[in-house]
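Single-structure report; data block below.
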Amino acid sequence: MPHRRIASRRGFIQSAAGMGIAAAAPEPQLPKVKFFKTEVTRLIIGSNPLYGFAHFNSILGRLMKEWMTQEQRLKVLKRCEEVGINTWQVHFDQDSVADLKRYRDEGGKMNWLLLGHGEMMKNPGLIKDAVKLNPIGIAHHGSLTVERFRAGEMDKVRDFYRMVQDAGVPGGISTHNPAVVDYVEGRGWDNDYFMTCLYRVTRTPEDSRREFGEAPLGETYFEKDPERMCKMVRQTKKTCFAFKLLAAGRGIDPASRIEQTFRFVFSNIKPQDAAIVGMWPRFKDEPKENAAAVRRVLASLGT
């Protein structure tokens, strides 16, 4: 019997160290910015870790997905709401829609910022189905944006966001390449916002060889990429949602680097912009820690 008590205590400690659901009363919402008819907190929870998109390797992705059941995803979303985050950015597919409906049925109030994904990118008719779920915006998927930019098919990106606008929702463009922002702005397009990846992860091996003389294994995360994207973020008057701040987890060690990254980002994007951060709180209360760090940074910057 003693070993059962020890195991039970170990499980409790692990649970407390992770999600910390038995927390104090909800905290005030983080500082917010106006996004059309909605106010969104300057820290937004992203979706990749919730659904096993590790952007590292298949093993980590499988481990993420194994732990992140629907029950855990709902706990993470509710925890984000407790610590003052009021917006959830997520891609559109069967699992995310099911999570959204259950989250709302259980009283969840966060805004839903949608990224066109998968089947929606092949069948834009799904935009109308998505709009029925009251997203605050729908953006053309970043990887496909870059593919279409490379292929000279940016008219398809414009057609997509205009269909979103015609359905009564702000239409955006997500991209990993700052050149896309430059292209769109230079032509005076009427997209409502951008989602801007701070790392140009969709460089092809040929792109990398031209720029750096060699190609890495896997996605590219170069230290000056955030500076290059933030420069374009500041040059557009449109709201930008910066994402992949922490390089898909590559930038979390040492722990002090996380707050340093938040400080860099909020110092280099516009006051009207916000940041999207994925969270996988298996080992610590990431929503609480991230929210607290953002509060400190924004307070010190006077924003």
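Every number here is computed from the coordinates shown, using simple stated rules; none is lab data. This is a predicted model, so every value here is computed, not measured. Cβ coordinates were reconstructed from backbone atoms using ideal geometry, including for glycine residues, and neighbour counts include every protein chain displayed.
Tabulated values for the structure
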read-out	value
q = 0.09, 0.10, 0.14 Å⁻¹: log10 I(q)/I(0) that the Debye formula gives for the stretch 147-303, counting C-alpha atoms only	-0.33, -0.41, -0.78
Cleavage-rule hits, chymotrypsin sites (Phe, Trp or Tyr not before Pro), the stretch 35-144, DSSP coil, Cβ neighbours within 10 Å at most 13	Phe36
Neighbourhood charge, 15 Å Cβ-Cβ cut-off, centred on Phe222 and excluding it, Lys, Arg +1 and Asp, Glu -1	+2
Amide H within-cut-off set for Gly137, under 5 Å, with H built and near neighbours excluded	Leu114
Candidates Arg158, Arg257, Arg210, ranked by Gaussian network fluctuation over the chain, Cα under 10 Å, top entry	Arg210
Gain upon complete extension [Val97, Asn134; 0.36 nm per residue less C-alpha separation]	12.2 nm
Nearest 10 degrees, 0 to 90: helix 286-301 Cα axis against the chain principal axis	60
Candidate lysines for bridging to Lys270, where Cα separation is under 25 Å - those fewer than 8 sequence places away on the same chain excluded	Lys32, Lys34, Lys37, Lys224, Lys231, Lys237, Lys238, Lys244, Lys288
Rounded to the nearest 20 debye, dipole of the chain from Cβ charges on Lys, Arg, Asp, Glu	720
Residue-averaged 222 nm ellipticity for the chain, from DSSP H runs of 4+ at -39500 (n - 2.57), nearest 500	-14000 deg cm²/dmol
